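Quick note: the coordinates plus some simple rules give every number you see, no bench work behind them. Keep in mind that this is a model prediction, so the values were computed, not measured. Note that we place each Cβ from the backbone using ideal geometry, even for glycine, and neighbour counts take in every protein chain shown.
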Amino acid sequence: MRRVALTGGIATGKSWVRRRFAHHGVPTIDADTLAHAAVAPGTPGAARILERFGPAVRSADGSIDRKALGGIVFGDQKARQDLEAIVHPAVYEAINGWFAGLPPVAFAVADIPLLYETGHEADFDTVVVTACEPAEQVRRVTARDGLSLEDAAQRIEAQLPLAEKVRRADHVIRTDGTPADTDAQVDALVAALSV
């Protein structure tokens, strides 16, 4: 089975592309979902986050206040590294377990936003990067997440530049066309990876 990583910058269409892979029956997993599970109330991850960042990042219901945490880590590189050291090992352990438990298939896809930033691209046989124009990326981040232009730029700049991800990719899916254009690119890639 070919292990495929799907990555790209924030708001470049990774979720859309992952859903299109799944539409074709390709097994997929989402690292963001795994990251949420790793810091759910009562987990060791949540305890470590509260220990490191304090009660300001605890919501009234006991969960981690992601907005408050984001406000800290996107403005402080050391804080972001500390958070990543808590979350990423659990995420990659879960991804590896997922791949190991799959039935025989031609390939499966793990959607991992920070693949290159975490240095795990060598864990995969193929890397697919989603990309769009920078102005479109900013527009999507501000519309989707309700962030100011400054906050959107801060989150984009916290990641490896998209152009570098594109350069390092095995395959690139451009998502700044129509949804049908994006789907057609994924469909062609499914056919190529299935042989």
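Contact map, region 173-193: residues that are farther than 17 Å from T12 by Cβ paired with residues that are assigned to a strand (DSSP E or B) and among the aromatic types (F, W, Y), Cβ distance under 8 Å, separation 6+ or inter-chain. Pairs shown: L193/F107.
Select from region 20-50 the residues that are in a helix (DSSP H, G or I) and over 13 Å from I86 (Cα atoms) and list them in ascending order. Within region 20-50, R20, F21, A22, H23, A31, D32, T33 meet the criteria. Within region 97-116, the set of residues being farther than 17 Å from T43 by Cβ and without any contact (Cβ under 8 Å) to a residue 12 or more places away in the chain comprises A100, G101, P103.
When restricted to residues that are free of Cβ contacts under 8 Å to residues at least 12 places away in the same chain and not in a loop (DSSP other than H, G, I, E, B), region 51-69 contains 5.
When you look at A5, is it touching a His at 6+ places or on another chain (Cβ under 8 Å) and either farther than 27 Å from T130 by Cβ or touching a residue at least 40 places away in the same chain (Cβ under 8 Å) (or both), yes or no? The answer is yes for A5. Quick one: which strands (runs of 3 or more DSSP E) lie wholly within region 87-195 and hold at least 1 residues that are among the charged types (D, E, K, R) and surrounded by 15 or more Cβ atoms within 10 Å (Cβ to Cβ)? Ranges flagged: 107-111, 171-174. For region 82-123, a residue qualifies if it is within 15 Å of the chain's Cα centre (by Cα), farther than 19 Å from H36 by Cα and not small (G, A, S), and the qualifying residues are Y116, H120, E121.
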